[in-house]
1. So, Val82, is that one β-branched (Val, Ile, Thr), within 19 Å of Met167 (Cβ to Cβ) and either at pLDDT 85 or above or out of contact with any His (no Cβ under 6 Å at 6 or more places or on another chain) (or both) or not?
2. Which one is surrounded by the fewest Cβ atoms within 10 Å (Cβ to Cβ), of the residues in the stretch 112-124 that are out of contact with any Ser or Thr (no Cβ under 8 Å at 6 or more places or on another chain) and touching a residue at least 40 places away in the same chain (Cβ under 8 Å)?
3. Search the stretch 13-35 for residues that are under 19 Å from Thr113 (Cα atoms) and pair each with any residue that is of a type outside the set (Ser, Thr, Tyr) and loosely packed, with under 12 Cβ neighbours inside 10 Å when their beta-carbon atoms are under 7 Å apart and the residues are at least 6 apart or on different chains.
4. Considering each residue of the stretch 125-134, count those that are part of a helix (DSSP H, G or I) and open to solvent by less than 80 Å² (accessible area, probe 1.4 Å), and give that number.
5. Looking only at the stretch 192-207, count every residue that is open to solvent by less than 70 Å² (accessible area, probe 1.4 Å) and either more than 22 Å from Thr139 (Cβ to Cβ) or of a type in the set (Ser, Thr, Tyr) (or both) and tell me the total.
6. Can you tell me which residues in the stretch 212-238 are of a type in the set (Phe, Trp, Tyr) and under 20 Å from the mean Cα position of the chain (by Cα)?
7. Might you let me know whether the stretch 86-98 holds any residue that is within 17 Å of the chain's Cα centre (by Cα) and in contact (Cβ under 8 Å) with a residue 60 or more places away in the chain?
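The values are calculated or read from the model by the stated rules, or taken from the named source; none is laboratory data. Just so it is clear, the model here is predicted, and its values are computed rather than measured. Note that we place each Cβ from the backbone using ideal geometry, even for glycine, and neighbour counts take in every protein chain shown. Surface accessibility is based on the protein's heavy atoms, side chains included, excluding ligands, DNA and RNA. Shrake-Rupley method; radii C 1.70, N 1.55, O 1.52, S 1.80 Å.
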Amino acid sequence: MNAIRISFLQMLRQMKQDAMLMIIAFVPFLAGTVFRFITPIIEDLLTSHLGVNEILTPYYELFDLFLIILTPSMLNYVVAMVILEEADDHMIAYLAVTPLRKTGYLLSRLGVTGLISFPVSIFVSVLFHLSNTDMLTLTGIALAGTIQGIVVALLIVALSTNKVEGMAVGKMATLFSLGALVPYFVAGKAQYFVAILPSFWMAKTMQSNNYFSLIISILLAVVWMVLLSEKFIKKVTG
């Protein structure tokens, strides 16, 4: 356990040396500030100018959902960039023969980050929420979002050979989050064309407090994690 803690602290020191990664880690707080304080102002200006009762208000749940999803995704994106850099520098092979070993390395990168992402997601959603979604639903979606965030890290590392490619794959990985838009803008059975994405079911949960949808979201995220794990492990240990 001490080796995992030391390895995690080492990762934090690496992050501090990269200004871009530090900025990315704080993106959820920046986005939350914009959502919480700027969005209502824009809503007031639009409704006053157009003479309607509401424009953005029906989508406040969607703003909250994206913030919950964004938080673990950004934190895991940063971790993925660190892992790719360590793979380029052949540090992973070195760490694997220390008391940390491969399992400890993975726990210090993905496991600890996941444990941190979950409460941070809840904190950010409570701090900057726009809708009246209940705490239990927010917590459940934060759990699903945390697992999806780990999937994002696995995807980036598994499909990239360096940090530059990782950035490109990271942009592609945003498709995992875009599934949340579909239930709000596509009606009927047509919306289920993105049903393989956990974020789609998170949105369904947000809309109706349907915890069955939440369970599907978590299970799908776990399935994606399992599917990507083998290629990820080969990448970081090969």
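1. yes
2. Among them, the one singled out is Ile116.
3. Met22/Lys16
4. Adding up the residues that qualify gives 3.
5. Residues flagged as open to solvent by less than 70 Å² (accessible area, probe 1.4 Å) and either more than 22 Å from Thr139 (Cβ to Cβ) or of a type in the set (Ser, Thr, Tyr) (or both) within the stretch 192-207 amount to 4.
6. Trp224, Phe232
7. The answer is no; no qualifying residue exists.
Here's the yes/no breakdown for (1) touching an Asp or Glu at 6+ places or on another chain (Cβ under 7 Å); (2) closer than 29 Å to Leu175 by Cα; (3) among the hydrophobic types (A, V, I, L, M, F, W, C):
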| site | (1), (2), (3) |
| --- | --- |
| Ile4 | no, no, yes |
| Arg13 | no, no, no |
| Ala19 | no, yes, yes |
| Thr33 | no, yes, no |
| Ser48 | no, no, no |
| Thr71 | no, yes, no |
